[in-house]
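The values are calculated or read from the model by the stated rules, or taken from the named source; none is laboratory data. Nothing here was measured: the structure is a model prediction, and the numbers come from that model. Cβ atoms come from the backbone with ideal geometry, glycine included; neighbour counts cover every protein chain shown. Note: areas computed on protein heavy atoms with side chains; ligands, DNA, RNA excluded. Shrake-Rupley method; radii C 1.70, N 1.55, O 1.52, S 1.80 Å.
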Amino acid sequence: MSTRVLVVEDEPPIRELLRLHLSLAGFDVTEAGDGTRALALARSQHFDLIVLDVMLPGIDGITVCRAVRVEGANVQTPILMVTARDTESDTVIGLESGADDYLAKPFGMRELMARVSALLRRAARAGEPADAGVRSVHSGDLVIDVERRLASVRGEPLDLTKQEFDLLHLLAARPGIVFSREALLAKVWGGDTYVTERTVDTVVSRLRRKIERDAQDPELILTAWGVGYKFADVD
Ligand code: CA
(Lines give C-alpha, C1' and ligand atoms only; values in the text may rest on other atoms or scores of the structure.)
Protein backbone atom coordinates (compact mmCIF):
# COMPACT_ATOMS: atom_id res chain seq x y z
CA MET A 1 0.00 0.00 0.00
CA SER A 2 1.47 3.32 -0.97
CA THR A 3 1.85 6.22 1.40
CA ARG A 4 -1.08 8.60 1.24
CA VAL A 5 -0.41 12.32 1.35
CA LEU A 6 -3.03 15.06 1.52
CA VAL A 7 -1.87 18.33 -0.04
CA VAL A 8 -3.86 21.39 1.03
CA GLU A 9 -2.93 24.43 -1.02
CA ASP A 10 -5.11 27.05 -2.68
CA GLU A 11 -2.64 28.27 -5.29
CA PRO A 12 -2.93 25.89 -8.29
CA PRO A 13 0.69 26.25 -9.52
CA ILE A 14 2.13 25.42 -6.10
CA ARG A 15 -0.39 22.62 -5.56
CA GLU A 16 0.52 21.13 -8.92
CA LEU A 17 4.22 21.34 -8.13
CA LEU A 18 3.66 19.60 -4.79
CA ARG A 19 1.53 16.90 -6.41
CA LEU A 20 4.14 16.32 -9.11
CA HIS A 21 7.09 15.96 -6.76
CA LEU A 22 5.25 13.84 -4.21
CA SER A 23 3.85 11.58 -6.95
CA LEU A 24 7.31 11.16 -8.47
CA ALA A 25 8.52 10.07 -5.03
CA GLY A 26 5.89 7.32 -5.12
CA PHE A 27 3.27 8.86 -2.86
CA ASP A 28 -0.45 8.57 -3.45
CA VAL A 29 -1.45 12.24 -3.49
CA THR A 30 -4.89 13.69 -2.76
CA GLU A 31 -5.40 17.43 -3.30
CA ALA A 32 -7.57 20.01 -1.60
CA GLY A 33 -7.77 23.63 -2.67
CA ASP A 34 -9.43 25.01 0.43
CA GLY A 35 -9.94 24.31 4.11
CA THR A 36 -13.50 23.04 3.83
CA ARG A 37 -12.53 20.37 1.31
CA ALA A 38 -9.45 19.50 3.39
CA LEU A 39 -11.55 18.98 6.51
CA ALA A 40 -14.08 16.86 4.65
CA LEU A 41 -11.29 14.63 3.30
CA ALA A 42 -9.50 14.41 6.66
CA ARG A 43 -12.74 13.41 8.37
CA SER A 44 -13.50 10.59 5.97
CA GLN A 45 -10.10 9.13 5.06
CA HIS A 46 -6.82 8.31 6.73
CA PHE A 47 -3.65 9.94 5.42
CA ASP A 48 -0.04 9.17 6.32
CA LEU A 49 0.97 12.81 6.02
CA ILE A 50 -0.71 16.17 5.51
CA VAL A 51 1.01 19.13 3.84
CA LEU A 52 -1.04 22.10 4.95
CA ASP A 53 -0.86 25.67 3.73
CA VAL A 54 -1.73 28.22 6.43
CA MET A 55 -3.26 30.93 4.28
CA LEU A 56 -6.34 29.43 2.71
CA PRO A 57 -9.63 30.95 1.62
CA GLY A 58 -12.50 30.22 4.01
CA ILE A 59 -11.22 27.97 6.79
CA ASP A 60 -7.52 28.70 7.33
CA GLY A 61 -4.79 26.10 7.85
CA ILE A 62 -4.47 26.71 11.60
CA THR A 63 -8.16 25.96 12.09
CA VAL A 64 -7.92 22.88 9.86
CA CYS A 65 -4.93 21.65 11.85
CA ARG A 66 -6.69 22.08 15.19
CA ALA A 67 -9.80 20.31 13.91
CA VAL A 68 -7.81 17.40 12.49
CA ARG A 69 -6.04 16.96 15.83
CA VAL A 70 -9.27 16.80 17.82
CA GLU A 71 -10.99 13.85 16.18
CA GLY A 72 -11.15 11.59 13.17
CA ALA A 73 -8.78 9.33 11.29
CA ASN A 74 -5.86 11.74 11.28
CA VAL A 75 -5.40 12.68 14.94
CA GLN A 76 -1.88 11.19 14.84
CA THR A 77 -1.02 12.00 11.23
CA PRO A 78 2.14 14.09 10.84
CA ILE A 79 1.29 17.59 9.63
CA LEU A 80 3.81 19.74 7.77
CA MET A 81 2.55 23.30 7.87
CA VAL A 82 3.50 25.67 5.11
CA THR A 83 3.46 29.35 5.94
CA ALA A 84 3.95 32.36 3.70
CA ARG A 85 4.87 34.53 6.64
CA ASP A 86 8.03 33.52 8.39
CA THR A 87 7.24 35.32 11.62
CA GLU A 88 7.66 34.01 15.10
CA SER A 89 4.02 34.28 16.09
CA ASP A 90 2.75 32.42 13.02
CA THR A 91 5.22 29.63 13.50
CA VAL A 92 4.41 29.29 17.17
CA ILE A 93 0.66 29.31 16.47
CA GLY A 94 1.21 26.66 13.82
CA LEU A 95 3.14 24.40 16.16
CA GLU A 96 0.71 25.04 19.02
CA SER A 97 -2.18 24.07 16.80
CA GLY A 98 -0.69 20.61 16.44
CA ALA A 99 1.56 20.77 13.38
CA ASP A 100 4.71 18.65 13.60
CA ASP A 101 6.95 20.83 11.50
CA TYR A 102 6.73 23.97 9.43
CA LEU A 103 8.22 25.27 6.25
CA ALA A 104 8.28 28.92 5.24
CA LYS A 105 7.48 29.97 1.68
CA PRO A 106 9.27 30.22 -0.62
CA PHE A 107 10.79 26.77 -0.20
CA GLY A 108 12.67 24.43 -2.51
CA MET A 109 11.23 21.06 -3.42
CA ARG A 110 14.34 19.35 -2.10
CA GLU A 111 13.76 20.96 1.30
CA LEU A 112 10.12 19.97 1.23
CA MET A 113 10.89 16.36 0.34
CA ALA A 114 13.51 16.18 3.09
CA ARG A 115 10.97 17.36 5.66
CA VAL A 116 8.34 14.95 4.35
CA SER A 117 10.75 12.01 4.54
CA ALA A 118 11.87 12.96 8.05
CA LEU A 119 8.28 13.18 9.31
CA LEU A 120 7.30 9.85 7.77
CA ARG A 121 10.45 8.16 9.07
CA ARG A 122 9.75 9.38 12.58
CA ALA A 123 6.12 8.35 12.44
CA ALA A 124 7.09 4.87 11.25
CA ARG A 125 9.88 4.49 13.77
CA ALA A 126 8.27 5.74 16.90
CA GLY A 127 4.54 6.17 16.63
CA GLU A 128 4.10 7.74 20.01
CA PRO A 129 7.67 8.46 21.00
CA ALA A 130 7.26 10.55 24.12
CA ASP A 131 4.46 8.51 25.60
CA ALA A 132 3.98 5.24 27.43
CA GLY A 133 5.33 2.11 25.84
CA VAL A 134 8.65 3.58 24.78
CA ARG A 135 11.27 2.27 27.17
CA SER A 136 14.37 3.80 25.78
CA VAL A 137 15.44 6.56 23.45
CA HIS A 138 18.66 6.31 21.48
CA SER A 139 19.66 9.40 19.62
CA GLY A 140 23.24 9.70 18.53
CA ASP A 141 25.42 9.85 21.65
CA LEU A 142 22.44 9.98 23.97
CA VAL A 143 20.67 7.02 25.57
CA ILE A 144 17.61 7.46 27.78
CA ASP A 145 16.15 4.66 29.88
CA VAL A 146 12.63 5.97 30.28
CA GLU A 147 11.40 3.54 32.94
CA ARG A 148 14.41 3.97 35.22
CA ARG A 149 14.63 7.68 34.40
CA LEU A 150 18.32 7.36 33.64
CA ALA A 151 20.23 9.01 30.84
CA SER A 152 23.78 8.81 29.58
CA VAL A 153 25.75 10.62 26.96
CA ARG A 154 28.84 9.15 25.25
CA GLY A 155 28.69 6.34 27.82
CA GLU A 156 28.76 8.68 30.83
CA PRO A 157 25.76 8.65 33.17
CA LEU A 158 24.06 12.02 33.63
CA ASP A 159 22.88 13.52 36.88
CA LEU A 160 19.67 15.31 35.91
CA THR A 161 16.92 17.09 37.81
CA LYS A 162 13.30 16.12 37.12
CA GLN A 163 12.79 19.05 34.75
CA GLU A 164 16.07 18.45 32.96
CA PHE A 165 15.21 14.80 32.41
CA ASP A 166 11.66 15.53 31.23
CA LEU A 167 12.81 18.25 28.86
CA LEU A 168 15.61 16.11 27.43
CA HIS A 169 13.29 13.13 27.01
CA LEU A 170 10.64 15.21 25.26
CA LEU A 171 13.10 16.73 22.78
CA ALA A 172 15.21 13.63 22.16
CA ALA A 173 12.18 11.41 21.52
CA ARG A 174 11.26 13.59 18.53
CA PRO A 175 14.54 14.57 16.90
CA GLY A 176 14.29 17.40 14.40
CA ILE A 177 10.89 18.51 15.66
CA VAL A 178 10.81 22.12 16.85
CA PHE A 179 9.13 22.77 20.19
CA SER A 180 8.20 26.33 21.07
CA ARG A 181 9.05 27.55 24.58
CA GLU A 182 5.32 27.71 25.26
CA ALA A 183 4.85 24.08 24.24
CA LEU A 184 7.81 22.97 26.36
CA LEU A 185 6.42 24.85 29.34
CA ALA A 186 3.03 23.21 28.92
CA LYS A 187 4.45 19.72 28.48
CA VAL A 188 7.27 19.73 31.05
CA TRP A 189 5.92 22.06 33.70
CA GLY A 190 2.22 21.36 33.23
CA GLY A 191 0.07 24.29 34.22
CA ASP A 192 2.56 25.78 36.70
CA THR A 193 1.89 29.50 36.48
CA TYR A 194 5.02 30.50 38.39
CA VAL A 195 7.40 29.55 35.63
CA THR A 196 8.00 31.67 32.55
CA GLU A 197 9.44 30.99 29.12
CA ARG A 198 12.75 32.26 30.47
CA THR A 199 12.78 29.18 32.71
CA VAL A 200 12.93 27.01 29.61
CA ASP A 201 16.06 28.82 28.44
CA THR A 202 17.64 28.40 31.86
CA VAL A 203 17.00 24.65 31.98
CA VAL A 204 18.23 24.25 28.39
CA SER A 205 21.46 26.06 29.33
CA ARG A 206 21.96 23.75 32.31
CA LEU A 207 21.23 20.68 30.17
CA ARG A 208 23.69 21.81 27.52
CA ARG A 209 26.44 22.13 30.13
CA LYS A 210 25.74 18.53 31.14
CA ILE A 211 25.35 16.86 27.76
CA GLU A 212 27.17 18.89 25.11
CA ARG A 213 30.88 18.60 24.34
CA ASP A 214 30.87 22.40 24.12
CA ALA A 215 27.84 24.16 25.64
CA GLN A 216 28.64 27.27 23.58
CA ASP A 217 28.45 25.28 20.36
CA PRO A 218 25.69 22.74 20.98
CA GLU A 219 25.36 19.70 18.75
CA LEU A 220 22.44 17.96 20.48
CA ILE A 221 19.95 20.56 21.72
CA LEU A 222 19.70 23.11 18.95
CA THR A 223 18.11 26.55 19.00
CA ALA A 224 15.32 27.24 16.52
CA TRP A 225 15.75 30.98 16.33
CA GLY A 226 12.73 32.97 17.36
CA VAL A 227 10.77 29.81 18.16
CA GLY A 228 12.28 27.40 20.65
CA TYR A 229 14.40 24.28 20.61
CA LYS A 230 14.81 20.97 18.86
CA PHE A 231 16.95 17.89 19.29
CA ALA A 232 19.45 17.30 16.48
CA ASP A 233 18.18 14.93 13.82
CA VAL A 234 20.96 12.39 13.68
CA ASP A 235 19.69 10.34 10.73
CA1 CA B 1 -2.25 29.97 0.34
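With the other protein chains left in place, how much accessible area per residue, in square angstrom, belongs to the chain at a 1.4 angstrom probe?
Each residue of the chain exposes 50 Å² on average to a 1.4 Å probe.
With both partners inside the chain, how many of the DSSP beta bridges are antiparallel, as a percent to the nearest 5?
Values: 16 of 33 bridges.
Just about 50 percent of them are antiparallel.
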Exercise. Once the dipole of the chain is set up with Lys and Arg at +1 and Asp and Glu at -1 on Cβ about the Cα centre, which of V137, P175, M55 lies farthest towards its positive end?
Worked result: V137
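At a 1.4 Å probe radius, carbon and sulfur cover how many percent of the accessible area of the chain?
Numbers: 6000 of 11770 Å².
Carbon-and-sulfur percentage of accessible area, whole number: 51.
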For this session: Pop the C-beta distance of A40 and R121 into the FRET formula with R0 = 25 Å and round what comes out to the nearest 0.05.
Result: 0.30
For this session: Report, in cubic angstrom per residue, the convex hull volume of the C-alpha atoms of segment 136-231.
Result: 92
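When the dipole is taken about the Cα centre of segment 162-218, and only Lys, Arg (+1) and Asp, Glu (-1) are charged at their Cβ, what size is it in debye, to the nearest 20?
Details: 10 positive and 9 negative charges, 28 e Å.
It comes to approximately 140 debye.
Taking the Cβ of P13 as the center, what net charge do the other residues with Cβ under 14 Å away carry, scoring Lys and Arg +1 and Asp and Glu -1? Intermediate results must be reported in sequence, preceding the final value.
Numbers: positive: R15, R19, K105; negative: E9, D10, E11, E16, E31, D53.
Cβ neighbours under 14 Å give a net charge of -3.
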Seminar exercise, completed: Using the Kirkwood radius over Cα pairs of segment 4-126, the Stokes-Einstein translational diffusion coefficient at 20 °C and 1.002 mPa s, in µm²/s and rounded to a whole number, is 153
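Can you tell me which of 54-62, 5-13 comes out highest on packing, and rank the rest after it, using the mean Cβ neighbours within 10 Å?
On the way: 54-62: 18.2, 5-13: 20.0.
Sorting 54-62, 5-13 by mean packing, highest first, produces 5-13, 54-62.
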For this session: May I ask you to order 65-75, 155-165 by the average number of other C-beta atoms within 10 Å around their residues, highest value first?
Result: 65-75, 155-165
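Assigning unit charges at the beta carbon (Lys, Arg +1; Asp, Glu -1) and nothing else, what dipole magnitude in debye, to the nearest 20, does the chain show about its Cα centre? Don't skip to the answer; put the middle values down first.
Values: 29 positive and 37 negative charges, 90 e Å.
Value, rounded to 20: 440 debye.
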For this session: Express the C-alpha Rg of the chain as a ratio against the empirical globular expectation 2.2 N^0.38 Å, rounded to two decimals.
Result: 1.05
